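The structure under discussion appears below in the form of structure tokens.
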Amino acid sequence: MTINDDDYFYKITEELIPIIHKTDKILIIQRRELDQFKKTGGDKYLISSKYIDMFLHKEDPSKQIEIAYDLLRINRGRYDFISMACNFNLAITLENISPKLAMQFVSAAIKYDEKLEGKYYLGHLYHIKGRIYYNEKAYASAMHNFNKALLSFRNDHQHNNTIYIASMYNNFGLTYSKLNKIKEAHKETERGISILQNKGNLSREEIDFLHIMKGNSGFYLYKLKNYPAAEKLLLEEFEYYKNKESFCSESIVSSQRLFDLYLATHQKEKQNQIIDYLIKTEPKLKNTHSRIVANEVIQEYYVSTNNYTPLKAVSEKLIGLNHSYYDENKRNVKKISDLLNNQIIRNNKEKDDYKAYQQKRKNLLFIIFILIVFGVFGIILYNIKKHNKREKELLKNNGKILEQNNEFQKEKIKNLLQSLNLKIDTEKAFLEYLKKNKKINGDNDSEQILKELFLKVNNLIQIDRRSYDLIIEGNIENKLFLEKLSVLCPTLTNTELKFCTYYRMNLSSKEISSLENTTNGTIRVYKTKIKSKLKLNKEDDLSCFLNNI
């Protein structure tokens with residue numbers, strides 16, 4: 001079974017996701033793609049090897065931006081999956097640094113995925129878009145995109161999206177919480193928890209996320225003042241995360257929530273336990289923001305206990321941490337900003353270089369075109385002269401042929417009319433013989449009259465045959481005439497069209513009435529109707545008009 005190129009890149013992605021933390025295995029796949037490039041020279045494999053760099057440098061935002069822009073340049077819009085993936089990565093990287101730019105990138109990625117019939121990451125893209133709106137406090141737009149993400153995950157029957165479906169209900173809860181709709185927030189979060197719990201046989205990632213949702217649910221219960229149920233869920237989250245180094249941020253958040261609950265319920269002993277944990281854990285934290293949160297909880301504790309000496313020390317530490325956090329963000333923003341500016345400058349330079357190359361190419365092509373035009377013009381002039389000479393000869397010959405043809409057509413009509421008149425005279429004689437036969441009683445005279453009648457009938461047959469041949473000869477021409485006349489005047493009836501063929505042959509009303517077995521008056525009425533439909537005046541020659549069609 002063959003797969004298209006976009007599916008090829010997606011298959012590589014599915015290979016990489018399970019080994020996302022195993023650099024050695026990722027490098028093996030990258031070497032495989034590079035070997036294919038060396039073997040075939042196909043750009044597809046060069047692009048796929050570069051695409052794998054995104055997974056090798058997933059923790060380095062600057063490198064992600066550099067790789068994404070390089071990939072977009074190499075790809076040049078050939079593979080929609082790559083264009084989509086690059087815009088997706090840029091959106092995630094810039095989500096917290098430049099939401100406006102991130103929104104542009106995620107919107108572009110959505111367009112590419114929709115072009116691919118939404119078969120890859122549409123749900124995740126709507127999730128990111130909703131998250132950007134959420135961070136910008138545009139909660140209605142955030143909810144709209146979370147709903148679109150949920151629909152996309154539900155409609156994707158090829159993958160197990162249980163965790164992503166549950167995460168959308170968690171996002172609904174977070175959004176409702178920001179809107180101060182705590183009951184709705186708790187209800188939506190509980191739906192997400194039920195989805196994962198009902199699945200059974202959860203993966204490590206699903207178990208981790210389940211505890212995050214339980215912590216959120218406990219926080220909403222705390223806000224609803226259901227303290228026993230809130231404490232149970234918050235403690236479960238705290239106990240799960242507190243000894244996991246990779247979840248330090250989560251453990252600090254759950255500590256803060258528990259401290260607030262114990263403060264509200266005046267459980268001083270449990271407050272002390274949380275503070276002891278934070279004092280012990282804070283120096284080990286690598287994330288400056290997590291250290292600030294931890295120290296803010298400790299500061300709040302010292303304020304509540306009126307312990308001024310350690311309060312002063314914590315406050316000073318917080319000032320230093322906030323400065324450090326500000327400097328870190330400033331450096332990161334400057335680094336990313338410089339990188340983006342360099343990429344824009346590089347792109348513009350490449351565009352200018354390409355435009356200059358295109359202009360040179362156009363100039364060269366224009367010169368070649370002018371030379372070709374002159375050459376072709378000379379050949380055309382020669383052929384025109386030759387053609388004109390031949391045309392004059394053809395026109396001269398055609399004029400003679402047309403003149404002969406017109407004469408021939410006139411002769412045909414004349415012969416047809418003569419045949420018609422002869423037929424009329426013969427039919428009259430035929431009737432006279434019939435009358436004569438009634439008056440005669442002798443057998444000898446009757447036999448003679450029958451012989452003469454036989455000759456007359458035979459004569460009529462011969463006249464009809466000759467007329468039929470003439471009619472057949474003109475049938476094709478007559479058909480074309482009727483088609484043109486029908487287009488010119490669609491209101492003409494079939495009978496009127498048939499009469500037009502008679503008038504075109506300049507037959508008299510008497511001759512037409514004989515052919516149609518009707519009266520001269522009827523024929524004249526038809527002629528008047530036809531002239532009226534053709535918008536001809538009374539004095540206009542109908543036969544002349546019809547012959548000019």
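Taken over segment 70-83, the criterion of being touching a residue at least 40 places away in the same chain (Cβ under 8 Å) and open to solvent by less than 30 Å² (accessible area, probe 1.4 Å) is satisfied by 80, 81, 82. The C-beta contact set for segment 478-500 (first residue farther than 21 Å from residue 512 by Cα, second residue open to solvent by less than 40 Å² (accessible area, probe 1.4 Å) and of a type outside the set (Lys, Arg), distance under 6 angstrom, 6+ apart or interchain) comprises 489/534. Does segment 273-297 hold any residues that are in contact with a Phe, Trp or Tyr (Cβ under 9 Å, 6 or more places away or on another chain) and either open to solvent by 50 Å² or more (accessible area, probe 1.4 Å) or of a type in the set (A, V, I, L, M) (or both), and which are they? Within segment 273-297, 273, 274, 275, 278, 289, 291, 292, 297 qualify. Screening the candidates 7, 35 for the property of being open to solvent by 60 Å² or more (accessible area, probe 1.4 Å) and out of contact with any Lys or Arg (no Cβ under 6 Å at 6 or more places or on another chain) yields one hit, 35. Looking at 196, 210, can you tell me which residue is open to solvent by less than 20 Å² (accessible area, probe 1.4 Å), farther than 16 Å from residue 250 by Cβ and aliphatic (A, V, I, L, M)? When all the criteria are applied, what remains is 196.
Within segment 253-272, take every residue that is in contact (Cβ under 8 Å) with a residue 40 or more places away in the chain, in contact with a helix residue (DSSP H, G or I) (Cβ under 6 Å, 6 or more places away or on another chain) and open to solvent by less than 60 Å² (accessible area, probe 1.4 Å) and give me the one that is nearest to residue 215 (Cα to Cα). Restricting to residues being in contact (Cβ under 8 Å) with a residue 40 or more places away in the chain, in contact with a helix residue (DSSP H, G or I) (Cβ under 6 Å, 6 or more places away or on another chain) and open to solvent by less than 60 Å² (accessible area, probe 1.4 Å), the top hit is 257.
On the stretch given as segment 298-314, residues that are loosely packed, with under 15 Cβ neighbours inside 10 Å and more than 16 Å from residue 280 (Cα to Cα) total 8. Here residue 86 clears all of (1) open to solvent by less than 10 Å² (accessible area, probe 1.4 Å); (2) in contact (Cβ under 8 Å) with a residue 24 or more places away in the chain except the condition numbered (2).
How about segment 12-32: which of its residues are more than 23 Å from residue 69 (Cβ to Cβ), surrounded by 12 or more Cβ atoms within 10 Å (Cβ to Cβ) and within 33 Å of the chain's Cα centre (by Cα)? Passing the criteria: only 15.
From the list 254, 337, 249, 304, pick out the single residue that is in contact with an Asp or Glu (Cβ under 6 Å, 6 or more places away or on another chain) and not aromatic (Phe, Trp, Tyr).
Working: 337 fails: in contact with an Asp or Glu (Cβ under 6 Å, 6 or more places away or on another chain); 249 fails: in contact with an Asp or Glu (Cβ under 6 Å, 6 or more places away or on another chain); 304 fails: in contact with an Asp or Glu (Cβ under 6 Å, 6 or more places away or on another chain).
Going through 254, 337, 249, 304 in turn, just one is in contact with an Asp or Glu (Cβ under 6 Å, 6 or more places away or on another chain) and not aromatic (Phe, Trp, Tyr): 254.
Restricting the first member to segment 275-300 and to residues that are touching a residue at least 12 places away in the same chain (Cβ under 8 Å), and the second to residues that are open to solvent by less than 70 Å² (accessible area, probe 1.4 Å) and outside any helix (DSSP H, G or I), the beta-carbon pairs closer than 9 Å and six or more apart or on different chains are 277/242; 281/242; 291/285; 294/285.
Select, from 121, 133, the only residue that is surrounded by 18 or more Cβ atoms within 10 Å (Cβ to Cβ), closer than 21 Å to residue 94 by Cβ and either aliphatic (A, V, I, L, M) or modelled with pLDDT under 95 (or both). Lay out the reasoning, then the answer.
On the way: 133 fails: either aliphatic (A, V, I, L, M) or modelled with pLDDT under 95 (or both).
Answer to the check: 121.
In this entry, residue 143 passes the filter for residues that are open to solvent by 30 Å² or more (accessible area, probe 1.4 Å) and under 18 Å from residue 164 (Cα atoms). The residue that is nearest to residue 123 (Cα to Cα), counting only those in segment 89-100 that are open to solvent by less than 30 Å² (accessible area, probe 1.4 Å) and part of a helix (DSSP H, G or I), is 91.
Within segment 503-528, the set of residues being surrounded by fewer than 15 Cβ atoms within 10 Å (Cβ to Cβ) and of a type in the set (D, E, K, R) comprises 510, 524.
The values are calculated or read from the model by the stated rules, or taken from the named source; none is laboratory data. Bear in mind the structure is a predicted one, so any value in this text is a computation, not a measurement. Counting neighbours? That spans all protein chains shown, and the Cβs are built from the backbone with ideal geometry, glycine included. These accessible areas exclude ligands, DNA and RNA; they are computed on the full protein's heavy atoms, side chains included. Shrake-Rupley method; radii C 1.70, N 1.55, O 1.52, S 1.80 Å.
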